[in-house]
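All remarks here apply to the structure that follows.
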Amino acid sequence: MSLHTRPLRSTDEPELRRVFRATIALGHPVARGADFEAALRPYERLCLEWYLRAGREHACVLRDGDRVVGYALVCLEPEAFARWQQRAGARFTAHVVPRLLARRYPASISRFYRLRMRDGWDMWRHPEHRIAGLPTPT
């Protein structure tokens, strides 16, 4: 095993996404399959897109040889991130909620999204419970 870190490169994105999907559910991989991956793509965009675009220079990957096995995504521009997060959160909600209501997701993905929506609602309603230093949802 030869672990080392280096700045994130565009060629690392597929591997970073693979690690993200493998750990999306508190370290447990989600079920495999095109339907599940397509259903989770909006959440993946919500979580990763800032760091793969505007915040790329502050991201790095942990590699074991030629394979990405982890990553660190750091935000050093909280105001810009907060503005981006508001727009991304609105797009995410507009995409996911109609599909939840129409029952277009498999049961496990539907539950996952309902819980994420509840988390977001709780954070918005109770900003005093948020982690210090993170942007306030508005």
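Structure notes:
- Vicinal HN-Hα couplings computed from phi for region 104-118 (Karplus, 6.51 cos²θ - 1.76 cosθ + 1.60; Hz; Gly/Pro x): 8, 9, x, 3, 5, 6, 4, 5, 4, 5, 4, 5, 5, 5, 5
- Extension gain, ALA94 to SER110: 0.36 nm times the residue separation minus the Cα-Cα distance gives 4.3 nm.
- Residue-by-residue Karplus 3J(HN,Hα) for region 75-82, coefficients 6.51, -1.76, 1.60, Hz, glycine and proline x: 10, 10, 10, x, 5, 5, 5, 4
- Once the Cα-Cα distance is subtracted from the 0.36 nm per residue extended length, the ARG67 to ARG45 segment shows a gain of 5.7 nm.
- Residues with amide H under 5 Å from that of TYR71, placed H, sequence gap 5 or more: LEU62
- Residue-averaged 222 nm ellipticity for the chain, from DSSP H runs of 4+ at -39500 (n - 2.57), nearest 500: -18000 deg cm²/dmol
- Lys/Arg +1, Asp/Glu -1 at C-beta; the chain dipole; positive extreme among PRO7, VAL96, TYR43: VAL96
- Descending semi-axes in whole angstrom, ellipsoid equivalent of the chain, from the Cα gyration tensor: 26, 21, 13
- Extension gain (nm, one decimal) between GLU13 and TRP124, 0.36 nm per residue minus Cα-Cα: 36.9 nm
- Unit charges on C-beta of K, R, D, E only; dipole of the chain, Debye: 560
No lab work stands behind these numbers, since they all come straight from the coordinates. For clarity, every value in this text was computed on a predicted model and none was experimentally measured. Don't worry about glycine lacking a Cβ; one is built from the backbone with ideal geometry, like all the others, and counts go over all protein chains shown.
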